[in-house]
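The values are calculated or read from the model by the stated rules, or taken from the named source; none is laboratory data. All of these numbers come straight from a predicted model, not from anything done at the bench. In this analysis, Cβ positions are derived from the backbone assuming ideal geometry, glycine residues included, and neighbour counts consider all displayed protein chains.
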Amino acid sequence: MDLSGTRTIAASPQAVWDTLRNPSALQKAIPGAEEVTWLDDNTMKVRLNVGVGPLKGTGTLRIQVAEATPPSHMKLVVNRNDERSSVDGSLTVDLAADGAGTKLTYKGAVTLGGMLAAMDNPLTGPIVGQQVNHFFDKLAQEAH
């Protein structure tokens, strides 16, 4: 499943960067997030309560910051495997000054395995797109 898009946020690149590193702001922005914690400078733990149909429940993701050039570039990587499902993916976020605001460009890909693989189809693409839009809408609200 590929993800990409561009947003304009009415805040400076530094403010958007700081929001991407703020656990409270991320918890508000990530759909289903119950807790977001930075374990160190490059590792985030996100406890989620999400699901569709029979795939509901709480799970934990560890997200690694694979690349960081503050305040303009961040690459996030997630690899989660358990007995029922797997998630492997990456997301690159680039920030550039755009007048008084920031142009945010994101691009990524996610591969779902196990029971989650059933969600990787053309019918769920719009649902995932809505969740990504929700995240960036909330992120924009949190950036000052």
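Things worth noting here:
- Residue selected from the stretch 105-144 under the condition closer than 16 Å to residue 25 by Cβ and within 13 Å of the chain's Cα centre (by Cα), by the criterion modelled with the lowest pLDDT: 134
- When 96, 66 are checked against the criterion of being surrounded by fewer than 17 Cβ atoms within 10 Å (Cβ to Cβ), modelled with pLDDT of 95 or more, under 24 Å from residue 35 (Cα atoms) and touching a Lys or Arg at 6+ places or on another chain (Cβ under 8 Å), a single residue qualifies: 66.
- Some residue of the stretch 13-32 being part of a loop (DSSP other than H, G, I, E, B), of a type outside the set (Asp, Glu) and at pLDDT 95 or above: yes
- Hits in the stretch 33-43 - residues which are in a strand (DSSP E or B) and either among the basic types (Lys, Arg) or closer than 17 Å to residue 70 by Cα (or both): 38, 40, 43
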